[in-house]
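Undergrad: The structure's right below; bear with me while I get my questions together.
The values are calculated or read from the model by the stated rules, or taken from the named source; none is laboratory data. Fair warning: this is a prediction, and the values are worked out from it, not measured in the lab. Neighbour counts run over all protein chains shown; Cβ positions are idealised from the backbone, glycine included. We work out accessible area using only protein heavy atoms, side chains counted, and drop any ligands, DNA or RNA first. Shrake-Rupley method; radii C 1.70, N 1.55, O 1.52, S 1.80 Å.
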Amino acid sequence: AGSNPITYPKGRDIQTPFTMAEIKISNVEAIDLSKSTQSINTGIGFFDHMLDQLNSHAQIGVAVTVTASGDMEDRNRHADESLQEKLMTQVGTALGDEIKKLIPASATKSRFCCPLDEALVECILHISSSPTSDSPGSLSFDLAPYGIFPKTGRIKIGNMMTAPLEFFFQSLSVASGLSISLQKIRGDNGHHIVESAFKAFSRALRNLIDGTDTDLSEGSSGNMEIMWGGESQSAKEGLDLKRFGKSSRKTKETAINVEVNLDGGAKGVKVEAGIKTLNSFYTHIAKESGLSLDILCRGDTWVDDHHTSEDVSIAVGKVLDIALGTKAGLNRMWCAKAQEGDAVVEVTMDLSNRPCLTSNLSLSQCEYVGDMSTEMLDHVLDSLVMNGQMTVHIVECNPGDIVDLATATAKAFGRALKFCAAVDPRRAGKTASSKGTLSV
């Protein structure tokens, strides 16, 4: 890897090219669907943590050791700012060389968005020619500023400088032959912006290798059907878990019975909440996600719609969380779009156990969505997400009629939930997390 020419990101004034021999890269591995017996030790602790996302989210056994100076036991021995640009460039080249070997000749494109509670980054991977060719990749990179504290963004996270990240992804793209686009959709926290970028890249890479994509639905491609379709191993193992949850709750304001079965929709959907818009909203979510849902609510709708809308959504969120269990072995993350009329909405979801809802839905255009007050649509989403222990980003891609906007949101939510809740048999019941758990 050390003999490869380095293409520097545009806009950077490089005064003196560095000598690659200054830094020694060893023990480089990228093993598909397996753990490496080597470690990640670049001498920059936070950078190591980010590279480890490939292990957890791309399901690729990644290893790399960097030797330049200092005690190898010091995980931040390469904190020297003047060294990091060189180091990240060479690590990107070394890993890119290994990743290139994993990309099948049939691979074309993959897109993934990764939701964290304070960041959302989109990654698009594209191959314009055969991955076995010598055609270099390219990079479109827009993550800065890294947070808003300070306003100009963070220049250092832990002992890792943020500016050289562009060099890492640039050299990785050149070596792997991948065209990589990393774009921050939103984000106020520097740590989470970088983490979202690495996770989005890892998930997009996994899908590229699998021949699947968040822009596709099951049945629209052979690989999507094989991986996630109704006859897939994923579906079979999901049914074998017999996941369900139910709850009954009675107060002076509402009496609610809710039951959820993650059974592919075998028991059907019956929603009687007393508010037509709410009935429609949860019916769309259930049908798109392929779950059976039974809701019966008798609420004080003669007062207004607040108590019924809120209590139903709290109950559905809690019961869904019960049905999902520990989430170990699940796909966990997905993003999905839906269109209704002119309205186009994308929902990006993570069954994270760290509940957070971020949305830019334009709900101020009118007071009511059908027979439900518009402010309650916002409250319904918040109650569902918080009690479902999810991280959810909702992006309004194209505006539309308020009813169409609500319907598109419900459908996109259901589609994302379906893939998040799907069992990934390759994980063998293990949690998709670099922490090894989703416990809070």
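Undergrad: Could you list, in sequence order, the residues of segment 322-334 that are under 18 Å from His393 (Cα atoms) and of a type in the set (D, E, K, R)? Outline the logic, then answer.
TA: Pass one, segment 322-334, residues under 18 Å from His393 (Cα atoms): 331-334.
Once the filter is applied, which keeps residues that are under 18 Å from His393 (Cα atoms) and of a type in the set (D, E, K, R), segment 322-334 yields only Arg332.
Undergrad: Please state which one of Thr283, Thr254 is among the polar types (S, T, N, Q) and open to solvent by 30 Å² or more (accessible area, probe 1.4 Å).
TA: On the way: Thr254 fails: open to solvent by 30 Å² or more (accessible area, probe 1.4 Å).
None of the other options fit; the residue is Thr283.
Undergrad: A further question on this structure: Quick one: which of Ser309, Ser248, Ser280, Ser217 is assigned to a strand (DSSP E or B) and in contact with a strand residue (DSSP E or B) (Cβ under 9 Å, 6 or more places away or on another chain)?
TA: Ser248
Undergrad: Answer yes or no as to whether Val369 is in contact (Cβ under 8 Å) with a residue 40 or more places away in the chain and either more than 30 Å from Thr326 (Cα to Cα) or acidic (Asp, Glu) (or both). Don't jump to the end; show me each part of the working.
TA: Working: in contact (Cβ under 8 Å) with a residue 40 or more places away in the chain: yes; either more than 30 Å from Thr326 (Cα to Cα) or acidic (Asp, Glu) (or both): yes.
Spelling it out, Val369 is indeed in contact (Cβ under 8 Å) with a residue 40 or more places away in the chain and either more than 30 Å from Thr326 (Cα to Cα) or acidic (Asp, Glu) (or both).
Undergrad: Look at Ala21 and say whether it is at pLDDT below 95 and part of a helix (DSSP H, G or I).
TA: On the way: at pLDDT below 95: yes; part of a helix (DSSP H, G or I): yes.
Judged against the criteria, Ala21 is a match.
Undergrad: Sort out which residues of segment 19-31 are touching a residue at least 60 places away in the same chain (Cβ under 8 Å) and either touching a Ser or Thr at 6+ places or on another chain (Cβ under 6 Å) or open to solvent by 70 Å² or more (accessible area, probe 1.4 Å) (or both), and write them in order of number. Steps first, please.
TA: Within segment 19-31, the subset touching a residue at least 60 places away in the same chain (Cβ under 8 Å) is 20, 22-23, 25, 28-30.
Selection gives Glu22, Glu29.
Undergrad: Within segment 187-202, take every residue that is of a type in the set (D, E, K, R) and either closer than 11 Å to Cys123 by Cβ or touching a helix residue (DSSP H, G or I) at 6+ places or on another chain (Cβ under 9 Å) (or both) and give me the one that is surrounded by the most Cβ atoms within 10 Å (Cβ to Cβ). Quick ask: steps written out before the conclusion?
TA: Narrowing segment 187-202 to residues of a type in the set (D, E, K, R): 188, 195, 199.
Now narrow it down to the ones that are either closer than 11 Å to Cys123 by Cβ or touching a helix residue (DSSP H, G or I) at 6+ places or on another chain (Cβ under 9 Å) (or both): 195, 199.
Details: Glu195: 23, Lys199: 29.
In this case the residue turns out to be Lys199.
Undergrad: Could you please find all residues in segment 365-413 being of a type in the set (Asp, Glu) and crowded, with 21+ Cβ neighbours inside 10 Å?
TA: None - no residue of segment 365-413 is of a type in the set (Asp, Glu) and crowded, with 21+ Cβ neighbours inside 10 Å, so the list stays empty.
Undergrad: Further question on the same structure: Evaluate the following for Asp342: is it surrounded by 19 or more Cβ atoms within 10 Å (Cβ to Cβ) and not β-branched (Val, Ile, Thr)? Spell out how you get there, then give the answer.
TA: Values: surrounded by 19 or more Cβ atoms within 10 Å (Cβ to Cβ): no; not β-branched (Val, Ile, Thr): yes.
Answer is no for this residue.
Undergrad: Please enumerate the residues belonging to segment 32-44 that are surrounded by fewer than 17 Cβ atoms within 10 Å (Cβ to Cβ) and under 24 Å from the mean Cα position of the chain (by Cα). Spell out how you get there, then give the answer.
TA: Here is the first cut: in segment 32-44, the residues surrounded by fewer than 17 Cβ atoms within 10 Å (Cβ to Cβ) are 32-35, 37-39.
Within segment 32-44, Asp32, Leu33, Ser34, Lys35 qualify.
Undergrad: Any chance segment 355-364 includes a residue that's in a helix (DSSP H, G or I) and open to solvent by 10 Å² or more (accessible area, probe 1.4 Å)?
TA: Kept after step one, since they are in a helix (DSSP H, G or I), are these residues of segment 355-364: none.
No: zero hits.
To keep it simple, each residue is scored yes or no on (1) open to solvent by 10 Å² or more (accessible area, probe 1.4 Å); (2) under 23 Å from the mean Cα position of the chain (by Cα).
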{"position": "Phe46", "(1), (2)": "yes, yes"}
{"position": "Gly61", "(1), (2)": "no, yes"}
{"position": "Gly70", "(1), (2)": "yes, no"}
{"position": "Asn76", "(1), (2)": "yes, no"}
{"position": "Gln84", "(1), (2)": "no, no"}
{"position": "Thr89", "(1), (2)": "no, no"}
{"position": "Glu98", "(1), (2)": "yes, no"}
{"position": "Thr108", "(1), (2)": "yes, yes"}
{"position": "Phe141", "(1), (2)": "yes, yes"}
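Undergrad: So for segment 218-236 (the condition being touching a Phe, Trp or Tyr at 6+ places or on another chain (Cβ under 7 Å) and open to solvent by 30 Å² or more (accessible area, probe 1.4 Å)), does at least one residue qualify?
TA: For segment 218-236, residues touching a Phe, Trp or Tyr at 6+ places or on another chain (Cβ under 7 Å) and open to solvent by 30 Å² or more (accessible area, probe 1.4 Å): present.
Undergrad: Pairs, please: C-beta under 7 Å, at least 6 apart or cross-chain, first residue touching a residue at least 40 places away in the same chain (Cβ under 8 Å) and in segment 70-89, second surrounded by fewer than 16 Cβ atoms within 10 Å (Cβ to Cβ) and assigned to a helix (DSSP H, G or I)?
TA: Lys86/Glu22
Undergrad: Which condition number in (1) open to solvent by 60 Å² or more (accessible area, probe 1.4 Å); (2) outside any loop (DSSP other than H, G, I, E, B); (3) in contact with a strand residue (DSSP E or B) (Cβ under 8 Å, 6 or more places away or on another chain) is the one that Asn207 fails?
TA: Only one criterion is unmet by Asn207, namely (1).
Undergrad: When segment 367-399 is examined, which residues are found to be of a type outside the set (S, T, N, Q) and either modelled with pLDDT under 95 or at positive phi (or both)?
TA: Taking segment 367-399 as the starting set, the residues that turn out to be of a type outside the set (S, T, N, Q) are 367-372, 375-382, 384-386, 388, 390, 392-397, 399.
Result: Gly370, single match.
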